[in-house]
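Asker: A single structure is presented below for examination.
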Amino acid sequence: MKLNKITYAAAILAATGAFSSCSDNYLDLKPETTVTNGQVTASVDAAELAMRGICMAMWSQYQQIQGEGTTNYMNFNGEAYINHRYGDGLGPDMHGGAIMYNFTPELLCGGTLWDDDGYIINAIPWKYAYNLIQQANTILDGIDHAEGDEKERDFIKAQVLTLRAHAYVKLVQFYAPRWEDSRNGEVYCMVKRVNGSTDAAPLMTLNEAYQIIYGDLDNAINLYKSSGLKREFKWMPDLNVAYGIYARAAMIKHDYAIAQEMAHNASDGYVVMDNDTFLSGFYVDNNDFMWTSSSDQTDLYYWSEYNWGQAANGGYTKNWSLVDAIDIDLYNQLDPKDIRRQCYLTPDKVDVLNAENKKLYNPGDIVAADWWNSDLVVESKNCALNYGAYAKDKKDPKKKWGLYNVALFYSKYYGENIFKGDYESIKIFDTESKLTQYGYYMLGSKGDLRLDKTNYASLNEIVFGAQYKFWSEPNYGGGSYPFMRASEMKLVEAEAAYYNDDKTTALNLLKEINGKRIPGYAFNQTDSKLLDEIRLCRRIELWGEGHNWFDFKRWNLPIVRRAWKPNDPTSGNWQAEFGQNTPVNVNRGWSVKIPRTEWRYNNAIDRNLLDY
């Protein structure tokens, strides 16, 4: 079952078409070659190539996706884009440069743009998911008759069923209301497509979607077991991934018994990463990662989501100041000993630098309250920190300065003292300026701050709460982006166990993670505070990995974003126009409308069945 890269790269050309503004483009599977749908499943080898094509569609660049009735269009890069820009971007725990570049405050906070079925942001998840579904359907239509080894055929079929179930879970997360708002699953929310036909297809209920998801995963699990085979790469699904998708789907539906069992099965063979691995940048595969994107840069070039602002050393992080940052209210809930706190540029980092070398790192005598000083922070630029003066003003010696220095030197300190990966290997040399990018600062023979006899440094634009969790390979933001982790499955299992009144299991699983991250961790409560602690652990452990908004949706909790206010250290760290709340009762249980491009093309849709 081993096929070389050149061959399977061709598979995606045969199996997928580039997105465009066309309404039915996710159904248009016309090959770039002369390969027909029948040839896709003529043999086991051909079916495997097509399956690989679906996997590649999860981390490939899609070009010029355009809404209907709007002029906006967008390129995106598959699963990582969906998880980062939506899963994190719509939630309360991250404010990100790329996200705010794409989203208006009105969209972010659940406003009327959610009701614009021609708006591009609403169409992207639909087109992405159905593209995966229709590729899977094409394979499933004929794979039972594919010539070749039966065990290999069963294994490939299991992988394709897993991918289809994953895509339907994505649709549930976006286009269905939360379970509590679904009339016990009887709400109509998506189109039923279970074969490769491009004919018009009717709406189906959330319950029908779950019949497909659970049915596909039950079949896939049985086939994985009967085949006894193993996947070749982590960017392919396997038995553990199928269990993990099952657990995610069950949590959305509050099927906690199923969720606990499936999450437990999913993490088998994997471990919660140790602290050194957690502080190694999240771009190198490890034994916590269960399912990832490919790390091959030739597959995505500069369209990696890491390059687009998620990584501290991403190209667009530097050039466009697309910096992700943590919500200060989440940060302040963390245990002071939590090692995960080191991954964010927050006011308490002044104490770290003062203890290390106050004279060099904090010559302006910055204190925590200065992070709310309007001379040092530009609220209108996502609370950017590097606009304060880095040197004393000779004309006005009483004027505050030095937050620039703190931000630069913590970036330097983090890379040299906290980061556990190969820091030198991820530096990026800028051929134009002849300077070297080390995350958020540039180092070379010129710059704002003199570091030693020969080296100077200058800070790129950086924001209040900037993250150091995610890094990438030079030069185009390569890395193994995690689609699923064992730590996530442990947290799913813990949360489900709590609801199943299995408090001992829930507490032990929580300690399995927090016991590593928090020295001396001694939480032992089993009342509602245990659930709160599991949720808090989930929010910080999985921060930036695409779960935040989806979690708050299924938790049925409002989203609170507090704006930054000058001279008010009790305020938040959100740019004022984005510092708005999202109530639980907006947008039909936080569901997105079916795109106009679908119902205009698909005349089998009875719009009278929709709750809007």
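The values are calculated or read from the model by the stated rules, or taken from the named source; none is laboratory data. Note that the structure is predicted; figures quoted are calculated from it, not measured. Glycine gets a Cβ as well: all are built from the backbone with ideal geometry, and neighbour counts include every protein chain shown. Accessible surface is based on the protein model in full, side chains and every heavy atom, while ligands, DNA and RNA are left aside. Shrake-Rupley method; radii C 1.70, N 1.55, O 1.52, S 1.80 Å.
Asker: Among the candidates 385, 334, 345, 330, which residue alone is under 30 Å from residue 510 (Cβ atoms), surrounded by 22 or more Cβ atoms within 10 Å (Cβ to Cβ), under 33 Å from the mean Cα position of the chain (by Cα) and in contact (Cβ under 8 Å) with a residue 12 or more places away in the chain? Working first, answer last.
Answerer: Working: 385 fails: under 30 Å from residue 510 (Cβ atoms); 334 fails: surrounded by 22 or more Cβ atoms within 10 Å (Cβ to Cβ); 330 fails: surrounded by 22 or more Cβ atoms within 10 Å (Cβ to Cβ).
Result of the check over 385, 334, 345, 330: 345.
Asker: Same structure, new question: State all residues of the range 300-320 that are hydrophobic (A, V, I, L, M, F, W, C) and more than 20 Å from residue 482 (Cβ to Cβ); if no residue qualifies, say none. Explain how you work it out, then say what you get.
Answerer: Kept after step one, since they are hydrophobic (A, V, I, L, M, F, W, C), are these residues of the range 300-320: 300, 303, 308, 311-312, 320.
The one that is hydrophobic (A, V, I, L, M, F, W, C) and more than 20 Å from residue 482 (Cβ to Cβ): 320.
Asker: Can you work out which of the residues in the range 401-437 that are open to solvent by 20 Å² or more (accessible area, probe 1.4 Å) and among the polar types (S, T, N, Q) is farthest from residue 376 (Cα to Cα)?
Answerer: Checked the range 401-437; the qualifying residue farthest from residue 376 (Cα to Cα) is 425.
Asker: Further question on the same structure: Looking only at the range 266-315, count every residue that is acidic (Asp, Glu) and in a helix (DSSP H, G or I) and tell me the total.
Answerer: We begin by selecting, within the range 266-315, every residue acidic (Asp, Glu); these are 268, 274, 276, 285, 288, 296, 299, 305.
Remaining after also requiring in a helix (DSSP H, G or I): 276, 299.
Qualifying residue count for the region: 2.
Asker: If residue 453 meets every condition in (1) within 28 Å of the chain's Cα centre (by Cα); (2) of a type in the set (D, E, K, R); (3) more than 20 Å from residue 266 (Cβ to Cβ) apart from one, which number is that one?
Answerer: Residue 453 satisfies all of (1) within 28 Å of the chain's Cα centre (by Cα); (2) of a type in the set (D, E, K, R); (3) more than 20 Å from residue 266 (Cβ to Cβ) except (1).
Asker: List, please: which pairs have Cβ atoms under 7 Å, are six or more places apart or on different chains, and start with a residue in the range 580-609 that is in contact (Cβ under 8 Å) with a residue 12 or more places away in the chain and among the polar types (S, T, N, Q) and end with one that is open to solvent by 60 Å² or more (accessible area, probe 1.4 Å) and part of a loop (DSSP other than H, G, I, E, B)?
Answerer: Here the result reads 581/558; 581/560; 582/558, each pair linking the range 580-609 to a residue that is open to solvent by 60 Å² or more (accessible area, probe 1.4 Å) and part of a loop (DSSP other than H, G, I, E, B).
Asker: Could you name every one of the helices (runs of 4 or more DSSP H) located completely within the range 316-425 that has at least 1 residues being at pLDDT 95 or above and of a type in the set (Gly, Ala, Ser)? Even if it seems obvious, please write down each step before you answer.
Answerer: Working: elements: 328-332, 349-361, 403-413.
It comes to 349-361, 403-413.
Asker: Please find, among 464, 470, 429, the residue that is within 30 Å of residue 563 (Cα to Cα), over 20 Å from the mean Cα position of the chain (by Cα) and not hydroxyl-bearing (Ser, Thr, Tyr).
Answerer: 464
To keep it simple, each residue is scored yes or no on (1) in contact (Cβ under 8 Å) with a residue 12 or more places away in the chain; (2) among the β-branched types (Val, Ile, Thr); (3) surrounded by fewer than 24 Cβ atoms within 10 Å (Cβ to Cβ); (4) out of contact with any Asp or Glu (no Cβ under 7 Å at 6 or more places or on another chain).
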{"position": "210", "(1), (2), (3), (4)": "yes, no, yes, yes"}
{"position": "215", "(1), (2), (3), (4)": "no, no, yes, yes"}
{"position": "218", "(1), (2), (3), (4)": "no, no, yes, yes"}
{"position": "225", "(1), (2), (3), (4)": "yes, no, yes, yes"}
{"position": "232", "(1), (2), (3), (4)": "yes, no, yes, yes"}
{"position": "235", "(1), (2), (3), (4)": "yes, no, yes, yes"}
{"position": "243", "(1), (2), (3), (4)": "yes, no, no, yes"}
{"position": "246", "(1), (2), (3), (4)": "yes, no, no, yes"}
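Asker: Right, something else. Kindly provide the set of residues from the range 453-492 that are open to solvent by less than 10 Å² (accessible area, probe 1.4 Å) and part of a helix (DSSP H, G or I), ordered by number.
Answerer: Residues satisfying the conditions are 486, 487, 488, 489, 491, 492.
Asker: May I ask you to list pairs of residues, at least six apart or on different chains, whose Cβ atoms are under 8 Å apart, with the first in the range 415-440 being in contact (Cβ under 8 Å) with a residue 40 or more places away in the chain and the second being open to solvent by 30 Å² or more (accessible area, probe 1.4 Å) and of a type in the set (Val, Ile, Thr)?
Answerer: From residues that are in contact (Cβ under 8 Å) with a residue 40 or more places away in the chain, the pairs are 420/277; 421/284.
Asker: Hey, another quick one. Could you grab me the full set of residues in the range 114-138 that are farther than 30 Å from residue 44 by Cβ, in a helix (DSSP H, G or I) and not β-branched (Val, Ile, Thr)? Write out each step before concluding.
Answerer: Of the range 114-138, the ones farther than 30 Å from residue 44 by Cβ are 114-126.
The next check asks that each one be in a helix (DSSP H, G or I); those that pass are 114-115, 120-126.
The answer is 114, 115, 122, 123, 125, 126.
Asker: Residues being part of a helix (DSSP H, G or I) and open to solvent by less than 10 Å² (accessible area, probe 1.4 Å): count how many of those fall in the range 98-113.
Answerer: Of the range 98-113, the ones part of a helix (DSSP H, G or I) are 98-102, 105-108, 112-113.
Adding the requirement that they be open to solvent by less than 10 Å² (accessible area, probe 1.4 Å) leaves 98-99, 107-108.
Counting residues in the range 98-113 that are part of a helix (DSSP H, G or I) and open to solvent by less than 10 Å² (accessible area, probe 1.4 Å) gives 4.
Asker: Something else: Would you check which residues across the range 175-208 are among the hydroxyl-bearing types (Ser, Thr, Tyr) and either surrounded by 20 or more Cβ atoms within 10 Å (Cβ to Cβ) or modelled with pLDDT of 95 or more (or both) and list them?
Answerer: Kept after step one, since they are among the hydroxyl-bearing types (Ser, Thr, Tyr), are these residues of the range 175-208: 175, 182, 188, 197-198, 205.
Across the range 175-208, the qualifying residues are 175, 182, 188, 205.
Asker: Still on this model: Identify all residues within the range 493-524 that are over 22 Å from residue 339 (Cβ atoms) and either of a type in the set (Asp, Glu) or surrounded by fewer than 20 Cβ atoms within 10 Å (Cβ to Cβ) (or both); write none if there are none. Can you show your working first?
Answerer: The initial filter retains those residues of the range 493-524 that are over 22 Å from residue 339 (Cβ atoms), namely 493, 495-506.
Correct list: 493, 495, 499, 500, 501, 502, 503, 504, 505.
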